[in-house]
1. Over the range 211-284, what per residue volume does the convex hull of the Cα atoms give, in whole Å³?
2. Would you please name the trypsin sites (Lys or Arg not before Pro) within the range 143-252 that are DSSP coil residues with at most 16 other C-beta atoms within 10 Å of their C-beta?
3. Mind pulling up the Rg/Rh value for the range 194-247? Radius of gyration and Kirkwood radius, both on Cα.
4. How big is the Rg/Rh ratio for the chain, C-alpha atoms only, Rh by Kirkwood, two decimals?
5. Which value in Å is the Kirkwood Rh of the range 138-290 over different Cα pairs?
6. For the chain, what number of Lys pairs, 8 or more residues apart or on separate chains, have alpha-carbon atoms under 13 Å from each other?
7. Using Cα atoms only, what is the angle between the long axis of helix 58-75 and the major principal axis of the chain, expressed in degrees (0 to 90) to the nearest 10?
8. Sort out for me the Cα centre separation of the range 153-178 from the range 1-57, rounded to whole Å.
Amino acid sequence: MMRERSRVEETISHMQRAGACSLQVISDFDMTLTRFAHDGKRVPTTHNILNNRLLMNEDGTIKMKELFNKYYPIEIDARLSTEEKLPLMVEWWTKVHELLIQQRIRKDMLAHAVKESRSMLRDGYRGFFDHLAEHQVPLLIFSGGVGDILEEVIRQNHVFHPNIHIISNYMDFDHTGLLQAFKGQLIHTYNKREGALSHAAGLGELQDRNNVLLLGDTLGDLRMSDGVSDPRNILTVGFLNDQVEERRESYLNSFDIVLVKDETMDVPNAILRHIISSGTSKTHRKKVDT
Ligand SMILES: [Mg+2]
């Protein structure tokens, strides 16, 4: 769905003329690059993947579930404002991280937990990741989930290419490989603007790429491009996975394109194929310039 089809077409055509060398993709991870559901069951988020008997005891599992049941309905509640949700979301993330630290999670078990999980990237993910890598288009994954886990999910799907940059919550292990803390500033659904700004300087490779394709599944994800200096064209695609009727209006008012209960990467892939098709690649342009 699109609120303003003509604007979408115009933006895509500007981006297409500028080509792959001006493009960067900024994407959320959980429920944006991963599926929301499969065979009628929810696909786990990075936090839910940690909720595995290999990593957590029964007590921890129950507490994690309780936190989800309490805070997830708040996260997706269309009647609450961002300001009202913010302190509660910070509370949720903080409690989850504390719980994970208490569980003394072992680094060497993370890959096993991912393997055992029902985690799934969206259909068409391979074309998405491979195509971007092939054309050296940077992919910035910006996630309030757990960086160690999302990296493992991407790796196990064999699409962890060198064009990927990640801003997320990373685990800090002690010398014996036990989780002792999380590194750096907490990133969650509603502080992606602050995260984007504080990381902008470190992402030098992205600086001269002022056309952005942004993918997300929450309104907070729209702030992921706030660190881009001098943006020219930003096309935003929102996956509306849940609470469709309640949130349709606000998504349509916020994202350029809204994908309703679409478990595939078909639309982003089609846009990328079009943008990248006739534009010159970075290496090609360099050759021409010299
Ligand atoms: Mg998400």
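1. Once divided by residue count, the hull of the range 211-284 is 100 Å³.
2. Of the trypsin sites (Lys or Arg not before Pro), the ones in loops of the range 143-252 whose Cβ has at most 16 other Cβ atoms within 10 Å are Lys183, Arg232.
3. Here Rg/Rh amounts to 1.05.
4. 0.96
5. About 17.5 Å for the range 138-290.
6. Lysine pair count for the chain: 4.
7. Value to nearest ten degrees: 40.
8. Computed from Cα coordinates, the inter-centre distance equals 18 Å.
Bear in mind these aren't lab numbers, they're just calculated from the coordinates by the rules spelled out. Note that the structure is a prediction, hence the values are computed from the model and not measured. Every residue, glycine among them, receives a Cβ derived from its backbone with ideal geometry; neighbour counts consider all protein chains shown.
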